[in-house]
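Novice: First the structure, which I've put down as structure tokens, then a few questions once you've had a look.
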Amino acid sequence: KAAVQEQLDDGCEAHYCGKLFNTYLIYQCGDDAYLIDQHAAHERLLFDKLTKAYEKDSAAVQQMLVPYSFSLSAKESELLCENLGALSECGFHIEKYEHGVFSLKSVPAECSDMDVASFLGNMLEGIAAGTNMSRAEILRGNIAQWACKAAVKGGDDIPREEIDALVSNILSGGSVLVCPHGRPVILRLTKVQIEKMFKRSGI
């Protein structure tokens, strides 16, 4: 991160050069080239935004147009019921009905487009592993997952205006340059390194 930020602090303006495989965005800044993983970058930004919102209790909640209903075993129902309060504080409002049936009524607004079935399955696994989870544990353990499910994917052909908005946030130095799962968001290649690859050093 330091090397990237030093370069940008020198007043260098990053220029968009294209993308590879609808996944890796290419930018040039002076004698440096940057490859940015669009999924990892968007995931990092969502994670930071959600974390800050929940820390301030200002996260926006999106009501489900059609509530998502699902059924659980007796053990799963018990575990989920023990955590309904904490989940509600995180923006997930779930109502319990008879015979182990539940209905998800709202989600954090940033996560409104995620795969709800996949998320609930992973969330229940996490709750089962941690039993009674505090609000902080649910937040820290699941915000990364929410961000991952909601972020643009590798292979998505996102329009140029969205690319520019995404990268401007990443290159501004406001985000940690690894995704919440530890993968790099951005890789830097210097002109010297590239010339060495083509055996042009010394020319």
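Each reported figure results from applying straightforward, stated rules to the coordinates on display, with no laboratory input. Bear in mind the structure is a predicted one, so any value in this text is a computation, not a measurement. Positions of Cβ are generated from backbone atoms using ideal geometry, with glycine treated the same way; all protein chains shown enter the neighbour counts.
Novice: Please sort 24-36, 112-124 by packing, taking for each peptide the average over its residues of neighbouring beta carbons within 10 angstrom, highest first.
Specialist: 24-36, 112-124
Novice: Can you figure out the FRET efficiency of Glu13 with Ala129, using R₀ = 35 Å and their beta-carbon distance, to the nearest 0.05?
Specialist: That pair, Glu13 with Ala129, gives E of 0.15.
Novice: Okay, next question. How far apart, in nanometres, would the label points at Ser77 and Gln63 be if each is projected 7 angstrom from Cα along the Cα-to-Cβ direction?
Specialist: Roughly 2.7 nm, to one decimal.
Novice: Could you give the length gained by full extension between Glu89 and Ala109, i.e. 0.36 nm per residue of separation minus their alpha carbon distance, to one decimal place?
Specialist: This chain segment gains 5.9 nm when fully extended.
Novice: Ok, one more. Between His99 and Arg183, what's the calculated FRET efficiency when r is the beta-carbon distance and R0 is 45 Å? Round to 0.05.
Specialist: So, using R0 = 45 Å, E works out to roughly 0.60.
Novice: So which lysines can Lys153 reach, going by Cα to Cα under 22 Å and dropping same-chain residues fewer than 8 places off?
Specialist: In chain and number order, the partners are Lys19, Lys49.
Novice: Cut-off under 29 Å on the C-alpha distance; same-chain residues fewer than 8 positions from Lys75 excluded. Which lysines are left, in chain and number order?
Specialist: Lys96, Lys105, Lys149
Novice: Within 15 Å, Cβ to Cβ, of Met197, how many net charges do the neighbouring residues add up to if Lys/Arg are +1 and Asp/Glu are -1?
Specialist: Neighbourhood net charge equals +2.
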